[in-house]
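Reading through the structure tokens given below for one structure.
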Amino acid sequence: MDRRGQKLKFTTVAVFVVLALTGFSTSRGHGHGSSHGGGGGGCSSSSQNHDSSSSTSGSTSSGSSGSTYHDYDDDDDYSDDTYGDGGSSSTSTALRDATVELIDCATPSEAYATVEVTNPNATGGYFTVTVDFLDAGSGRLEEQSEEAYVSGNDSATVQVDLSGPGVAAKVDHCEPDPAAPSS
């Protein structure tokens, strides 16, 4: 029984030595074509290509022509950004729509509407504000849009211009779109 225990210990030590010499580490990420800077998991040899989307030498390092090495045991270590479920893709999450309230409509002397845009998000962003300029019969004279930056959890006053003063003389009232999508 003592010999069997020694063989088992020797085998365990040998496995760890081999893994240490090859640079194996489960704490390193792998690219899968994404832009974050983790090195390849598994073997850390700089001549190996773990990412099949690019190759600096034009050939694979595994020795077989046309094949690319893929370390399948690393696949469950980190979420795959290709599906948008984790990693650095959280920076691209869409902002909620801003709210829009009319302050002043266009007049013959002012060929624009003034609105207040409120950003409900913690981060700032650009929002597209749309206003309908209507005549006395509520017919649309023009629909104009303006893109504006609003800081996080803040409001901004935005001016939405008409195409010219001739149209402003016909405007009876304005109706802004109550929601301004992020742009």
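The values are calculated or read from the model by the stated rules, or taken from the named source; none is laboratory data. Nothing here was measured: the structure is a model prediction, and the numbers come from that model. Accessible surface areas use protein heavy atoms only, side chains included; no ligands, DNA or RNA. Shrake-Rupley method; radii C 1.70, N 1.55, O 1.52, S 1.80 Å.
Observations, loosely collected:
- Estimated vicinal HN-Hα couplings, Hz - the range 105-122 in sequence order (Karplus 6.51, -1.76, 1.60; Gly, Pro = x): 8, 5, 10, x, 8, 10, 8, 7, 10, 10, 10, 10, 10, 10, 8, x, 8, 6
- Accessible surface of the range 100-183, 1.4 Å probe: 44 percent of it comes from carbon and sulfur atoms.
- Stretchable slack from R140 to S163, in nm (0.36 nm times residue separation minus alpha-carbon distance): 6.9 nm
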